[in-house]
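Report on the following structure.
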Amino acid sequence: MNRTRITRWTRKLHRGLGLLVAIQVVLWIAGGLIMASLDLQRVRGLHYAAEQPVESLELKAVTVSPAQVLEGLDLGASAVAELRLVQWQGQPVYRVRPLADTARPQLVSAHDGVRLSPLDEPTARRIAQADYAGPGRLVDAQWLETVPSEARGRRGPLWRIQFDDAIDTALYVSADTGQVVARRNNWWRLFDVVWMLHIMDYDTRDDFNHPVLVLAAASALLFALSGVLLLGLAWWPRGSRPAAGTGR
């Protein structure tokens, strides 16, 4: 195959690949620039997270044993993945995580054995307000049985607590464990969209091993290599031939 034919074929390949990957390459570059420019502390909402005081466990208030808690929940010890005694909202509580994936975690008072989960709205509001140190006011609380996309990976039911600051901060409080499990704001939402476009996963936004991304990356690599080949052909002197006897 002579040089002219090689050059013609390479140009066609280069142009075709350019049309195929141009938009995605621009999205990769722009997305990388945006993600590198964003402050991750703000994306994660940590700049509005209140510093939580260290609460010492009030053992004197603990009058219910772990065995009594499990009996009240009708759970055997072999059916529990975790049972932890912690200080929560000014009182000692047991956090119980059953072994079965279908069973929901439970929050039980270590003082009187009363089951505290699922949390009611006033309690969820207090937890979110104590966690938030931004300039906004708490304006709404929503009970969510279905986990929304921006809180994916968390387990429902959740309380979505909305604040009216400039970046629309929303805190997600687990109705079962009484913990803030996600902090979301407009910086996070922008990052999430850019990340989706970057990894080309338009559904769960966490799979970067899928065939579409692999095909796009391979096409971009071929586009770059064909450009290098064209550059090499342009530098190849016209009419040059390998010297006789060199074996090349």
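The values are calculated or read from the model by the stated rules, or taken from the named source; none is laboratory data. Since this is a predicted model, take the numbers as computed values, not measurements. All Cβ positions, glycine included, derive from the backbone under ideal geometry; neighbour counts span all protein chains shown. Keep in mind that these areas ignore ligands, DNA and RNA; they rest on the heavy atoms of the full protein, side chains included. Shrake-Rupley method; radii C 1.70, N 1.55, O 1.52, S 1.80 Å.
List of remarks:
- Members of the stretch 182-198 that are under 23 Å from V21 (Cβ atoms) and either part of a strand (DSSP E or B) or touching a residue at least 24 places away in the same chain (Cβ under 8 Å) (or both): V194, W195, L197, H198
- Of all residues making up the stretch 197-219, the number that are in contact with a Lys or Arg (Cβ under 9 Å, 6 or more places away or on another chain) and under 14 Å from V26 (Cα atoms): 1
- Residues in the stretch 37-58 that are over 24 Å from D165 (Cα atoms) and either at pLDDT 90 or above or among the hydroxyl-bearing types (S, T, Y) (or both): S56 only.
- Test: residue in the stretch 102-113 that is surrounded by 12 or more Cβ atoms within 10 Å (Cβ to Cβ) and over 18 Å from G178 (Cα atoms): no
- For the stretch 49-64, filtering for residues that are surrounded by fewer than 16 Cβ atoms within 10 Å (Cβ to Cβ), in contact with a helix residue (DSSP H, G or I) (Cβ under 9 Å, 6 or more places away or on another chain) and of a type in the set (G, A, S) leaves 1.
- Tallying residues that are surrounded by fewer than 18 Cβ atoms within 10 Å (Cβ to Cβ), hydrophobic (A, V, I, L, M, F, W, C) and touching a residue at least 40 places away in the same chain (Cβ under 8 Å) within the stretch 126-153 yields 2.
- Pairs linking a residue in the stretch 99-125 that is over 15 Å from V62 (Cα atoms) and without any contact (Cβ under 8 Å) to a residue 60 or more places away in the chain to a residue that is open to solvent by 70 Å² or more (accessible area, probe 1.4 Å) and small (G, A, S), with Cβ atoms under 9 Å and 6 or more positions apart or on different chains, are L99/S78.
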